[in-house]
Structures are given as structure tokens and as C-alpha cells.
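Novice: There's a structure below that I have some questions on.
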Amino acid sequence: MMRILIADDDALSRTLLQRTLQLAGYEVTAVDNGRSAVEQLCCQDGPRLALLDWVMPELDGPAVCREVRQEKKQPYVHMVLLTSKESKQDVVEGLESGADDYLVKPFDVAELKARLRTGLRILQLEDRLVEAREDMRFKATHDPLTGLFNRGVIVDLLAREVARSHREDSCSVVLLGDVDHFKAVNDTRGHVVGDVVLKEIANRILGAVRSYDYVGRYGGEEFLVVLNNCDSSLSLSRAEQIRHAIANAPVQTPWDPIPVTMSLGVLATKDCGLRSVEEIIHEVDAALYKAKAAGRNCVRFANPAMSPSVRSL
């Protein structure tokens with residue numbers, strides 16, 4: 001049921017209009033002044049259709065339109081002005097205030113209902129456009145398989161977090177994890193099973209971090225994790241939580257359970273000075289290489305004081 005707001009200081013007109021719209025299937029909220037109308041329309045779950053009398057106490061109809069347009073960007077509110085004013089100048093003033101439509105009193109009820117149906121179609125179109133825009137934004141920033149941030153976004157978030165850590169003299173922890181022997185999963189069971197494994201690993205990583213940490217698919221079977229405001233003394237335990245979440249149980253697939261493990265490289269931003277994001281990723285990647293060389297399914301720390309060679313695995 002669509003909610004609609006009626007704002008009219010005339011009690012009789014307000015009551016008659018309210019009953020008419022309730023019989024037409026609307027859920028009606030009625031107020032008697034412009035300030036209350038703005039408050040109702042700008043609240044989080046406020047009505048998205050509004051019938052506003054032009055002359056009201058506190059704020060008139062056009063003033064209500066201006067404030068709603070200024071204060072509330074989404075979701076869109078379709079507003080219709082009701083007035084006895086009918087000069088072209090008045091119509092222009094009403095529409096330029098932000099109103100979507102204009103009805104001159106006394107109006108025909110059938111015409112009012114038709115205009116409201118038009119407003120509903122406009123709102124439905126607006127919702128579809130917003131949904132399409134958000135869908136495109138999600139696809140541009142997230143990995144299509146796992147739903148995690150994609151490489152470009154996670155690296156950008158890391159850069160912002162490093163800058164913030166330097167600015168506030170705080171510490172964040174960077175982890176780069178690689179699924180052990182993942183190529184064998186694809187080679188022996190196929191890429192469909194491999195995709196199931198990657199999606200489950202992504203879910204397990206998300207379950208092992210805080211809601212405000214960043215997790216992204218860095219590439220292939222590699223995952224980059226940024227633990228915001230994380231003390232360096234906790235970096236090992238946090239990395240072990242992630243490693244344990246991966247290795248704790250086989251991934252259940254529609255075919256058979258597959259045991260998986262992950263090797264992780266770890267770096268605390270407090271230990272790396274003013275290195276660039278590229279250098280930080282290079283350092284944590286070298287730590288990941290050390291974990292692979294140590295037998296996999298383990299955690300190794302970066303040593304920013306050294307210059308490890310680029311990994312070759």
C-alpha cells in the first residue's frame with residue numbers, strides 16, 4: 001500500500017481528502033501545517049507521495065517543496081500542490097519550487113486519482129533507475145564471483161587507510177592470503193568447483209574480520225585484507241583467526257568436501273614508515289612467499305627493514 005501525505009490547515013478539506021484517498025487504497029498521513037509536512041517527508045521512511053495545500057501555517061506549499069528538495073535527495077518524493085491560484089505566474093512559481101504537479105481547487109476527484117497514478121509510475125521509474133545505477137556501481141567496485149571488493153577498490157581503500165594511519169599516528173594491519181594448492185583444485189575437479197571454493201573462502205574471511213575491515217579479491221586465489229585501527233601486537237592473532245577459519249573445515253561442494261588451507265603474509269603499517277602502497281604490497285607479498293616456502297598453511301611477517309626479492313611462485 002502506497003503511503004501519501006496530506007498537508008492542509010482546513011480540517012474539513014483534510015478529512016474529506018483523507019477519506020477519499022483511503023477508499024482509493026492509500027495509507028494516509030495527514031498534517032495541518034507546512035513544518036510538520038517537511039518533518040514527515042524528510043524522515044527515513046516517510047511518504048513518497050504528497051498533496052500540499054499552497055496556503056498553510058509556518059511553511060506554505062512551495063516552501064515545503066523547496067525544503068524537501070534541499071534536505072532529502074533519496075528516495076524521491078512526488079509532490080502535488082493544491083491551490084485556488086491559477087494564473088500562469090502562480091503555476092510557474094509552484095513548479096519552480098520543486099513541485100511535480102499542480103491542481104487548482106476545486107478539483108475533480110477522478111483527475112486527482114489519475115494524477116496520483118501518474119506520480120506512482122514516475123516513482124516506480126525512479127526506483128528502477130536508482131536500482132540500475134546501484135547495480136552498475138556494485139559491478140564496477142566488486143568482484144563478480146565472490147562479491148568482495150575488486151583489486152582496484154581494495155588497493156584504493158588500502159591507500160586511504162595508510163594515509164589515515166600516518167595522519168592519526170595509528171596502526172592498521174595488512175594481510176595478503178593465497179589459497180594453497182588451488183591450481184590442483186581447478187585441474188582435478190574443474191573451475192566450477194574452484195569457484196565454489198573461492199566463494200566459500202571469501203565468506204569465511206568475511207566472517208573472521210570486523211564489519212569495518214576491508215576484504216578484497218586481489219587476483220586469482222589471492223585475497224587482500226586491511227584491518228583498520230588494529231594494534232600491531234594483535235596482528236598475529238588476527239591473521240591466525242583468518243587462517244584457522246579457512247583450514248578449520250573442508251569446503252562442502254555439491255560433489256565432495258575439499259580441504260583447503262591458506263598462507264598469509266602480514267604487515268603492520270606502524271612498522272613500515274612512509275612507504276608507498278606499492279611498496280607495502282611488495283613487502284606483504286614477500287612475507288606471503290616466506291609462508292609458502294615454510295610449508296604453507298602458516299603466517300609470516302614482513303620485514304620492512306629488508307628488501308626481499310619479488311616472489312616467483
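The values are calculated or read from the model by the stated rules, or taken from the named source; none is laboratory data. It should be emphasised that the depicted structure is a prediction, and the values quoted were computed from it without experimental measurement. Quick reminder, even Gly has a Cβ in these numbers, built from the backbone with ideal geometry, and neighbours come from all protein chains shown. Quick note on the areas: whole protein, heavy atoms, side chains included, nothing else; ligands and nucleic acids left out. Shrake-Rupley method; radii C 1.70, N 1.55, O 1.52, S 1.80 Å.
Novice: For the range 157-170, name all the residues that are in a helix (DSSP H, G or I) and surrounded by fewer than 17 Cβ atoms within 10 Å (Cβ to Cβ).
Specialist: The answer is Ala159, Arg160, Ala163, Arg164, His166, Arg167, Glu168.
Novice: Tell me, yes or no, whether the range 260-267 has at least one residue that is outside any strand (DSSP E or B) and open to solvent by 20 Å² or more (accessible area, probe 1.4 Å).
Specialist: The answer is yes; a qualifying residue exists.
Novice: Among the residues in the range 127-149, are any more than 19 Å from Asp8 (Cα to Cα), in a loop (DSSP other than H, G, I, E, B) and among the acidic types (Asp, Glu)?
Specialist: yes
Novice: What number of residues in the range 283-305 are more than 23 Å from Ala245 (Cα to Cα) and surrounded by fewer than 19 Cβ atoms within 10 Å (Cβ to Cβ)?
Specialist: Selection size over the range 283-305: 2.
Novice: Got at least one residue in the range 115-136 being farther than 30 Å from Phe223 by Cβ, buried (at least 17 other Cβ atoms within 10 Å of the Cβ) and of a type in the set (Val, Ile, Thr)?
Specialist: Among the residues of the range 115-136, not one is farther than 30 Å from Phe223 by Cβ, buried (at least 17 other Cβ atoms within 10 Å of the Cβ) and of a type in the set (Val, Ile, Thr), which makes the answer no.
Novice: Could I ask something else about it? Among Glu93, Glu71, Glu86, which is the only one that is open to solvent by 70 Å² or more (accessible area, probe 1.4 Å) and touching a Cys at 6+ places or on another chain (Cβ under 6 Å)?
Specialist: One residue alone meets the criteria, Glu71.
Novice: Among the residues of the range 225-259, write down those that are of a type in the set (Val, Ile, Thr) and open to solvent by less than 10 Å² (accessible area, probe 1.4 Å).
Specialist: Val225, Val226, Ile242, Ile246, Val251, Ile258
Novice: Oh, and also: Could you pull out the residue among Ile205, Ile154 that is closer than 20 Å to Leu264 by Cα, in contact with a Lys or Arg (Cβ under 8 Å, 6 or more places away or on another chain) and assigned to a helix (DSSP H, G or I)?
Specialist: Exactly one of Ile205, Ile154 is closer than 20 Å to Leu264 by Cα, in contact with a Lys or Arg (Cβ under 8 Å, 6 or more places away or on another chain) and assigned to a helix (DSSP H, G or I), namely Ile154.
Novice: Check Val266, Val299, Val277 and return the single one that is out of contact with any Ser or Thr (no Cβ under 6 Å at 6 or more places or on another chain), β-branched (Val, Ile, Thr), at pLDDT 90 or above and under 17 Å from Cys171 (Cβ atoms).
Specialist: None of the others qualify; the one that does is Val277.
Novice: Hey, Leu52 hits all of (1) of a type outside the set (D, E, K, R); (2) free of Cβ contacts under 8 Å to residues at least 12 places away in the same chain; (3) closer than 18 Å to Asp9 by Cα but one; which does it fall short on?
Specialist: (2)
Novice: Give the residue that is most open to solvent (accessible area, probe 1.4 Å), with candidates limited to residues of the range 96-109 that are within 33 Å of the chain's Cα centre (by Cα) and at negative phi.
Specialist: Glu96
Novice: For the range 74-83: of the residues being in contact with a strand residue (DSSP E or B) (Cβ under 6 Å, 6 or more places away or on another chain) and touching a residue at least 40 places away in the same chain (Cβ under 8 Å), which is surrounded by the most Cβ atoms within 10 Å (Cβ to Cβ)?
Specialist: Leu82
Novice: Could I ask something else about it? Whether any residue in the range 2-17 is touching a residue at least 60 places away in the same chain (Cβ under 8 Å), open to solvent by 40 Å² or more (accessible area, probe 1.4 Å), of a type outside the set (Ser, Thr, Tyr) and touching a strand residue (DSSP E or B) at 6+ places or on another chain (Cβ under 7 Å) is what I want to check.
Specialist: yes
Novice: Turning to a different aspect of this structure: Say we look at the range 22-45 and pick out the residues that are within 19 Å of Pro75 (Cα to Cα) and touching an Asp or Glu at 6+ places or on another chain (Cβ under 6 Å); which of these is surrounded by the most Cβ atoms within 10 Å (Cβ to Cβ)?
Specialist: That would be Val38.
Novice: Additional query: Output the residue which, of all residues in the range 171-210 that are closer than 15 Å to Val260 by Cα and β-branched (Val, Ile, Thr), is most open to solvent (accessible area, probe 1.4 Å).
Specialist: Thr188
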